1. Select from the stretch 62-73 the residues that are assigned to a helix (DSSP H, G or I) and surrounded by fewer than 24 Cβ atoms within 10 Å (Cβ to Cβ) and list them in ascending order.
2. Kindly establish whether residue 272 is over 30 Å from residue 151 (Cβ atoms), away from the ligand (no atom under 15 Å from the Cβ), out of contact with any strand residue (DSSP E or B) (no Cβ under 9 Å at 6 or more places or on another chain) and not assigned by TED's automatic domain parsing to the domain that holds residue 42.
3. For residues that are under 21 Å from residue 138 (Cβ atoms) and modelled with pLDDT of 95 or more, tally how many sit in the stretch 278-310.
4. Quickly run through the stretch 109-132 and pick out the residues that are touching a strand residue (DSSP E or B) at 6+ places or on another chain (Cβ under 7 Å) and assigned to a loop (DSSP other than H, G, I, E, B).
5. Could you list all residues from the stretch 28-61 that are surrounded by fewer than 17 Cβ atoms within 10 Å (Cβ to Cβ) and either over 16 Å from residue 245 (Cβ atoms) or within 16 Å of the ligand (Cβ to nearest atom) (or both)?
6. Can you tell me which residue among 123, 131 is more than 10 Å from the ligand (Cβ to nearest atom), without any contact (Cβ under 8 Å) to a residue 24 or more places away in the chain and surrounded by fewer than 24 Cβ atoms within 10 Å (Cβ to Cβ)?
Ligand code: TLP
(Lines give C-alpha, C1' and ligand atoms only; values in the text may rest on other atoms or scores of the structure.)
Protein backbone atom coordinates (compact mmCIF):
# COMPACT_ATOMS: atom_id res chain seq x y z
CA UNK A 1 0.00 0.00 0.00
CA UNK A 2 1.20 3.51 -0.85
CA UNK A 3 1.63 5.57 2.33
CA UNK A 4 0.75 8.96 0.91
CA UNK A 5 2.11 11.72 3.17
CA UNK A 6 2.26 14.38 0.42
CA UNK A 7 -0.83 16.19 1.69
CA UNK A 8 -4.10 15.75 3.55
CA UNK A 9 -5.78 16.81 0.29
CA UNK A 10 -5.43 13.17 -0.83
CA UNK A 11 -8.00 11.90 1.72
CA UNK A 12 -10.92 9.90 0.34
CA UNK A 13 -14.50 10.27 1.60
CA UNK A 14 -15.65 8.00 4.45
CA UNK A 15 -18.43 5.41 3.91
CA UNK A 16 -20.80 7.73 5.86
CA UNK A 17 -19.99 10.54 3.41
CA UNK A 18 -20.68 8.34 0.40
CA UNK A 19 -24.03 7.34 1.89
CA UNK A 20 -24.94 10.95 2.72
CA UNK A 21 -24.00 12.06 -0.81
CA UNK A 22 -26.23 9.42 -2.38
CA UNK A 23 -29.19 10.33 -0.16
CA UNK A 24 -28.85 14.15 -0.17
CA UNK A 25 -31.92 16.22 -1.10
CA UNK A 26 -30.87 18.60 -3.90
CA UNK A 27 -31.96 21.80 -5.64
CA UNK A 28 -30.45 24.66 -7.63
CA UNK A 29 -28.04 26.42 -5.29
CA UNK A 30 -27.75 29.51 -7.51
CA UNK A 31 -31.47 30.00 -6.76
CA UNK A 32 -30.63 29.34 -3.09
CA UNK A 33 -32.75 26.18 -3.29
CA UNK A 34 -30.35 23.38 -2.47
CA UNK A 35 -31.44 22.27 1.02
CA UNK A 36 -28.21 20.38 1.68
CA UNK A 37 -25.98 23.35 0.76
CA UNK A 38 -28.19 25.57 2.92
CA UNK A 39 -27.80 23.13 5.82
CA UNK A 40 -24.02 23.00 5.43
CA UNK A 41 -23.77 26.80 5.28
CA UNK A 42 -25.92 27.19 8.42
CA UNK A 43 -23.88 24.55 10.26
CA UNK A 44 -20.56 26.13 9.24
CA UNK A 45 -21.70 29.63 10.26
CA UNK A 46 -22.75 28.27 13.65
CA UNK A 47 -19.45 26.38 14.19
CA UNK A 48 -17.39 29.46 13.30
CA UNK A 49 -19.63 31.85 15.26
CA UNK A 50 -20.51 33.96 12.20
CA UNK A 51 -23.77 35.25 10.80
CA UNK A 52 -23.62 33.54 7.40
CA UNK A 53 -21.54 31.21 5.23
CA UNK A 54 -20.86 30.34 1.60
CA UNK A 55 -19.92 26.94 0.13
CA UNK A 56 -17.11 27.30 -2.43
CA UNK A 57 -15.19 24.91 -4.67
CA UNK A 58 -11.81 25.12 -2.92
CA UNK A 59 -9.69 26.87 -0.32
CA UNK A 60 -8.18 29.00 -3.07
CA UNK A 61 -11.63 30.12 -4.19
CA UNK A 62 -12.61 30.82 -0.56
CA UNK A 63 -9.62 33.10 -0.05
CA UNK A 64 -10.10 34.78 -3.42
CA UNK A 65 -13.81 35.57 -2.98
CA UNK A 66 -13.03 36.84 0.53
CA UNK A 67 -10.34 39.20 -0.74
CA UNK A 68 -12.60 40.35 -3.59
CA UNK A 69 -15.45 40.98 -1.13
CA UNK A 70 -13.23 43.00 1.23
CA UNK A 71 -11.09 44.95 -1.23
CA UNK A 72 -11.52 46.97 -4.41
CA UNK A 73 -8.99 47.50 -7.19
CA UNK A 74 -5.93 49.34 -5.91
CA UNK A 75 -6.58 48.41 -2.29
CA UNK A 76 -3.85 46.70 -0.32
CA UNK A 77 -4.00 43.43 1.63
CA UNK A 78 -1.32 42.83 4.27
CA UNK A 79 -0.21 39.20 4.54
CA UNK A 80 2.77 37.06 5.49
CA UNK A 81 5.47 36.35 2.93
CA UNK A 82 4.99 32.61 3.62
CA UNK A 83 1.18 32.76 3.43
CA UNK A 84 -0.66 30.38 1.14
CA UNK A 85 -2.47 33.41 -0.31
CA UNK A 86 0.89 34.98 -1.15
CA UNK A 87 2.79 31.95 -2.42
CA UNK A 88 0.42 29.30 -3.71
CA UNK A 89 -2.63 31.04 -5.16
CA UNK A 90 -1.14 32.30 -8.40
CA UNK A 91 -1.43 35.89 -7.16
CA UNK A 92 -5.13 35.56 -8.00
CA UNK A 93 -6.18 38.53 -5.86
CA UNK A 94 -3.79 40.76 -7.84
CA UNK A 95 -4.44 39.16 -11.22
CA UNK A 96 -8.23 39.11 -10.97
CA UNK A 97 -9.04 41.74 -8.36
CA UNK A 98 -6.30 44.36 -8.75
CA UNK A 99 -5.53 43.89 -5.04
CA UNK A 100 -1.99 44.80 -4.06
CA UNK A 101 -0.39 42.31 -1.66
CA UNK A 102 1.89 43.76 1.03
CA UNK A 103 4.07 40.93 2.30
CA UNK A 104 5.48 41.04 5.84
CA UNK A 105 7.98 38.55 7.29
CA UNK A 106 6.20 35.41 8.50
CA UNK A 107 7.74 34.40 11.82
CA UNK A 108 8.70 30.74 12.37
CA UNK A 109 5.55 30.24 14.48
CA UNK A 110 3.32 31.37 11.60
CA UNK A 111 2.49 34.77 13.12
CA UNK A 112 3.14 38.32 11.95
CA UNK A 113 4.69 40.88 14.31
CA UNK A 114 2.08 43.39 15.49
CA UNK A 115 4.66 46.20 15.06
CA UNK A 116 5.22 45.13 11.45
CA UNK A 117 1.48 45.26 10.75
CA UNK A 118 1.15 48.74 12.26
CA UNK A 119 4.17 49.96 10.31
CA UNK A 120 2.73 48.57 7.07
CA UNK A 121 -0.60 50.40 7.35
CA UNK A 122 -0.52 53.28 4.86
CA UNK A 123 -1.19 56.89 5.70
CA UNK A 124 -3.70 58.88 3.69
CA UNK A 125 -1.41 59.93 0.83
CA UNK A 126 -2.14 59.88 -2.88
CA UNK A 127 1.10 57.96 -3.54
CA UNK A 128 -0.08 54.91 -1.63
CA UNK A 129 -2.64 52.17 -2.12
CA UNK A 130 -5.37 52.06 0.53
CA UNK A 131 -4.70 49.53 3.32
CA UNK A 132 -7.90 47.52 3.57
CA UNK A 133 -7.22 44.06 4.94
CA UNK A 134 -4.93 41.94 7.12
CA UNK A 135 -4.71 38.18 6.40
CA UNK A 136 -3.62 35.49 8.84
CA UNK A 137 -3.27 31.72 8.29
CA UNK A 138 -4.24 29.17 10.98
CA UNK A 139 -2.81 26.56 11.05
CA UNK A 140 0.14 27.85 9.10
CA UNK A 141 1.10 25.51 6.29
CA UNK A 142 4.70 26.60 5.63
CA UNK A 143 5.31 27.06 9.37
CA UNK A 144 4.74 23.31 9.72
CA UNK A 145 1.12 23.42 10.85
CA UNK A 146 1.82 25.86 13.71
CA UNK A 147 -1.28 27.20 15.48
CA UNK A 148 -2.22 30.80 16.23
CA UNK A 149 -3.97 31.28 19.58
CA UNK A 150 -7.30 33.06 20.19
CA UNK A 151 -5.40 35.79 22.11
CA UNK A 152 -3.02 36.50 19.22
CA UNK A 153 -5.83 36.53 16.66
CA UNK A 154 -7.90 38.87 18.83
CA UNK A 155 -4.90 41.21 19.17
CA UNK A 156 -4.48 41.36 15.38
CA UNK A 157 -8.24 41.89 14.93
CA UNK A 158 -8.23 44.78 17.44
CA UNK A 159 -5.23 46.34 15.77
CA UNK A 160 -6.74 46.01 12.28
CA UNK A 161 -10.11 47.38 13.38
CA UNK A 162 -8.58 50.30 15.25
CA UNK A 163 -7.05 51.39 11.92
CA UNK A 164 -10.24 50.76 9.93
CA UNK A 165 -8.96 47.52 8.33
CA UNK A 166 -10.68 44.12 8.22
CA UNK A 167 -9.19 40.75 9.21
CA UNK A 168 -9.45 37.62 7.04
CA UNK A 169 -8.24 34.24 8.28
CA UNK A 170 -7.19 31.49 5.88
CA UNK A 171 -8.34 28.75 8.23
CA UNK A 172 -7.91 25.92 5.73
CA UNK A 173 -6.97 23.78 8.77
CA UNK A 174 -8.71 25.79 11.52
CA UNK A 175 -10.21 22.65 13.06
CA UNK A 176 -6.71 21.22 13.47
CA UNK A 177 -5.82 24.36 15.44
CA UNK A 178 -9.01 24.06 17.51
CA UNK A 179 -8.30 20.41 18.37
CA UNK A 180 -4.63 21.12 19.18
CA UNK A 181 -5.51 24.04 21.47
CA UNK A 182 -8.64 22.33 22.84
CA UNK A 183 -10.81 25.35 22.06
CA UNK A 184 -13.89 25.79 19.87
CA UNK A 185 -13.17 26.90 16.30
CA UNK A 186 -15.37 29.97 16.86
CA UNK A 187 -12.90 31.19 19.52
CA UNK A 188 -10.17 31.18 16.88
CA UNK A 189 -12.37 33.11 14.47
CA UNK A 190 -13.46 35.55 17.22
CA UNK A 191 -12.53 39.00 15.99
CA UNK A 192 -12.09 38.05 12.33
CA UNK A 193 -14.37 39.59 9.71
CA UNK A 194 -14.08 36.47 7.57
CA UNK A 195 -12.64 32.99 7.72
CA UNK A 196 -12.27 30.24 5.10
CA UNK A 197 -11.92 26.60 6.11
CA UNK A 198 -11.48 23.47 4.01
CA UNK A 199 -13.70 20.40 4.07
CA UNK A 200 -11.44 18.59 1.63
CA UNK A 201 -8.23 18.32 3.65
CA UNK A 202 -8.03 16.61 7.04
CA UNK A 203 -11.84 16.55 7.30
CA UNK A 204 -11.79 14.17 4.30
CA UNK A 205 -14.72 15.46 2.25
CA UNK A 206 -14.06 15.04 -1.49
CA UNK A 207 -14.56 18.70 -2.54
CA UNK A 208 -15.13 22.11 -1.04
CA UNK A 209 -14.43 24.85 1.45
CA UNK A 210 -16.65 27.29 3.33
CA UNK A 211 -16.30 31.05 3.83
CA UNK A 212 -17.92 32.50 6.97
CA UNK A 213 -18.61 36.12 7.93
CA UNK A 214 -21.35 38.68 8.40
CA UNK A 215 -24.35 38.60 6.04
CA UNK A 216 -23.39 41.62 3.90
CA UNK A 217 -19.87 40.27 3.39
CA UNK A 218 -21.24 36.86 2.41
CA UNK A 219 -23.59 38.50 -0.14
CA UNK A 220 -20.58 40.17 -1.79
CA UNK A 221 -18.56 36.93 -1.64
CA UNK A 222 -21.50 35.09 -3.28
CA UNK A 223 -21.48 37.61 -6.16
CA UNK A 224 -17.70 37.13 -6.55
CA UNK A 225 -18.14 33.33 -6.52
CA UNK A 226 -20.66 33.57 -9.37
CA UNK A 227 -18.33 35.79 -11.43
CA UNK A 228 -15.55 33.23 -10.96
CA UNK A 229 -17.79 30.47 -12.30
CA UNK A 230 -18.36 28.97 -8.87
CA UNK A 231 -22.17 28.86 -8.87
CA UNK A 232 -22.47 25.10 -8.56
CA UNK A 233 -26.20 24.23 -8.96
CA UNK A 234 -26.96 20.82 -7.31
CA UNK A 235 -23.90 21.17 -5.09
CA UNK A 236 -25.71 19.46 -2.21
CA UNK A 237 -24.24 16.21 -3.47
CA UNK A 238 -20.87 17.63 -2.32
CA UNK A 239 -22.17 19.61 0.67
CA UNK A 240 -23.64 16.38 2.11
CA UNK A 241 -20.10 15.06 2.61
CA UNK A 242 -19.16 18.41 4.15
CA UNK A 243 -21.89 18.04 6.78
CA UNK A 244 -20.55 14.61 7.73
CA UNK A 245 -17.04 16.14 7.80
CA UNK A 246 -18.12 18.75 10.35
CA UNK A 247 -20.20 16.38 12.42
CA UNK A 248 -17.96 13.30 12.47
CA UNK A 249 -14.42 14.09 11.40
CA UNK A 250 -13.25 16.91 13.69
CA UNK A 251 -12.47 15.06 16.92
CA UNK A 252 -10.48 12.36 15.15
CA UNK A 253 -7.92 15.00 14.00
CA UNK A 254 -6.19 14.36 17.35
CA UNK A 255 -5.12 10.98 15.91
CA UNK A 256 -3.47 12.72 12.97
CA UNK A 257 -1.62 15.01 15.38
CA UNK A 258 -0.38 12.01 17.39
CA UNK A 259 0.80 10.35 14.17
CA UNK A 260 2.63 13.52 13.10
CA UNK A 261 4.43 13.55 16.44
CA UNK A 262 5.29 9.85 16.11
CA UNK A 263 6.71 10.56 12.65
CA UNK A 264 8.64 13.66 13.78
CA UNK A 265 10.23 11.82 16.70
CA UNK A 266 11.14 8.90 14.46
CA UNK A 267 12.70 11.19 11.84
CA UNK A 268 14.60 13.24 14.44
CA UNK A 269 16.67 10.17 15.33
CA UNK A 270 17.84 9.58 11.74
CA UNK A 271 21.20 10.80 10.36
CA UNK A 272 21.04 13.96 8.24
CA UNK A 273 17.48 14.89 9.23
CA UNK A 274 16.65 17.93 11.37
CA UNK A 275 13.15 18.41 12.77
CA UNK A 276 12.12 21.15 15.15
CA UNK A 277 9.94 19.06 17.41
CA UNK A 278 8.37 22.08 19.14
CA UNK A 279 6.96 23.20 15.81
CA UNK A 280 5.09 19.94 15.25
CA UNK A 281 1.77 20.98 16.75
CA UNK A 282 -0.77 19.49 14.35
CA UNK A 283 -0.69 17.18 11.31
CA UNK A 284 2.23 18.65 9.33
CA UNK A 285 5.89 17.70 9.76
CA UNK A 286 8.44 19.91 8.03
CA UNK A 287 12.04 18.76 8.22
CA UNK A 288 15.30 19.45 6.49
CA UNK A 289 17.70 17.03 4.88
CA UNK A 290 21.37 17.83 5.21
CA UNK A 291 23.34 15.15 3.39
CA UNK A 292 26.03 15.77 0.77
CA UNK A 293 25.22 12.43 -0.88
CA UNK A 294 21.43 12.83 -1.12
CA UNK A 295 19.24 15.65 -2.43
CA UNK A 296 15.60 16.10 -1.34
CA UNK A 297 14.51 15.00 -4.83
CA UNK A 298 16.56 11.80 -4.55
CA UNK A 299 15.20 11.08 -1.08
CA UNK A 300 11.66 11.50 -2.40
CA UNK A 301 12.36 9.20 -5.37
CA UNK A 302 13.86 6.50 -3.16
CA UNK A 303 11.04 6.69 -0.65
CA UNK A 304 8.54 6.45 -3.47
CA UNK A 305 10.14 3.15 -4.50
CA UNK A 306 9.43 2.04 -0.95
CA UNK A 307 5.79 3.17 -1.17
CA UNK A 308 6.09 6.40 0.85
CA UNK A 309 5.05 9.77 -0.64
CA UNK A 310 6.42 13.16 0.49
CA UNK A 311 6.68 16.67 -0.96
CA UNK A 312 9.75 18.91 -1.36
CA UNK A 313 8.92 22.48 -0.40
CA UNK A 314 12.06 24.30 -1.46
CA UNK A 315 15.75 24.28 -0.51
CA UNK A 316 16.52 21.40 1.82
CA UNK A 317 13.02 21.33 3.26
CA UNK A 318 10.51 18.51 2.89
CA UNK A 319 6.97 18.05 4.16
CA UNK A 320 4.94 15.08 5.40
CA UNK A 321 1.26 15.39 6.31
CA UNK A 322 -0.80 12.89 8.32
CA UNK A 323 -4.50 12.36 7.70
CA UNK A 324 -7.56 10.09 7.65
CA UNK A 325 -6.45 6.69 6.39
CA UNK A 326 -2.91 6.91 7.80
CA UNK A 327 -2.45 4.67 10.85
CA UNK A 328 0.28 4.28 13.49
CA UNK A 329 1.41 1.17 11.57
CA UNK A 330 1.79 3.21 8.38
CA UNK A 331 3.91 5.74 10.27
CA UNK A 332 6.12 2.98 11.69
CA UNK A 333 6.50 1.58 8.16
CA UNK A 334 7.33 5.05 6.80
CA UNK A 335 10.02 5.58 9.47
CA UNK A 336 11.48 2.15 8.60
CA UNK A 337 11.57 3.18 4.91
CA UNK A 338 13.39 6.42 5.80
CA UNK A 339 15.87 4.44 7.92
CA UNK A 340 16.49 1.99 5.06
CA UNK A 341 17.24 4.86 2.64
CA UNK A 342 19.28 7.02 5.04
CA UNK A 343 21.26 4.33 6.82
CA UNK A 344 22.14 2.09 3.86
N1 TLP B 1 -2.61 23.65 0.38
C2 TLP B 1 -2.11 22.54 -0.39
C3 TLP B 1 -1.15 23.06 -1.47
O4 TLP B 1 -1.73 24.08 -2.21
C5 TLP B 1 0.15 23.56 -0.92
C6 TLP B 1 -1.44 21.55 0.54
O7 TLP B 1 -1.15 20.43 0.06
O8 TLP B 1 -1.23 21.87 1.72
N9 TLP B 1 -4.82 27.62 2.43
C10 TLP B 1 -3.94 26.77 2.96
C11 TLP B 1 -3.29 27.09 4.26
C12 TLP B 1 -3.64 25.57 2.28
O13 TLP B 1 -2.74 24.75 2.80
C14 TLP B 1 -4.28 25.29 1.06
C15 TLP B 1 -3.96 24.05 0.27
C16 TLP B 1 -5.20 26.22 0.55
C17 TLP B 1 -5.46 27.38 1.27
C18 TLP B 1 -5.91 26.03 -0.77
O19 TLP B 1 -6.83 25.02 -0.75
P20 TLP B 1 -7.30 24.31 -2.12
O21 TLP B 1 -6.21 23.34 -2.46
O22 TLP B 1 -8.59 23.66 -1.72
O23 TLP B 1 -7.49 25.37 -3.14
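The values are calculated or read from the model by the stated rules, or taken from the named source; none is laboratory data. Treat the numbers as computed from the prediction; the structure is a model and nothing was measured. For neighbour counting, all protein chains shown are included, and Cβ atoms are generated from backbone atoms with ideal geometry for every residue, glycine included.
1. Here is the first cut: in the stretch 62-73, the ones assigned to a helix (DSSP H, G or I) are 62-70.
Within the stretch 62-73, 68 is the sole residue that qualifies.
2. On the way: over 30 Å from residue 151 (Cβ atoms): yes; away from the ligand (no atom under 15 Å from the Cβ): yes; out of contact with any strand residue (DSSP E or B) (no Cβ under 9 Å at 6 or more places or on another chain): no; not assigned by TED's automatic domain parsing to the domain that holds residue 42: yes.
So residue 272 fails the test.
3. 7
4. Scanning the stretch 109-132 gives 109, 110, 112, 121, 122, 129.
5. Initial filter on the stretch 28-61 (surrounded by fewer than 17 Cβ atoms within 10 Å (Cβ to Cβ)): 28, 30-33, 35, 42, 46, 49, 51.
Result: 28, 30, 31, 32, 33, 35, 49, 51.
6. 123
Yes or no, residue by residue, for (1) touching a residue at least 24 places away in the same chain (Cβ under 8 Å); (2) under 13 Å from residue 47 (Cα atoms); (3) surrounded by 24 or more Cβ atoms within 10 Å (Cβ to Cβ):
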| position | (1), (2), (3) |
| --- | --- |
| 206 | yes, no, no |
| 210 | yes, yes, yes |
| 221 | yes, no, yes |
| 226 | yes, no, no |
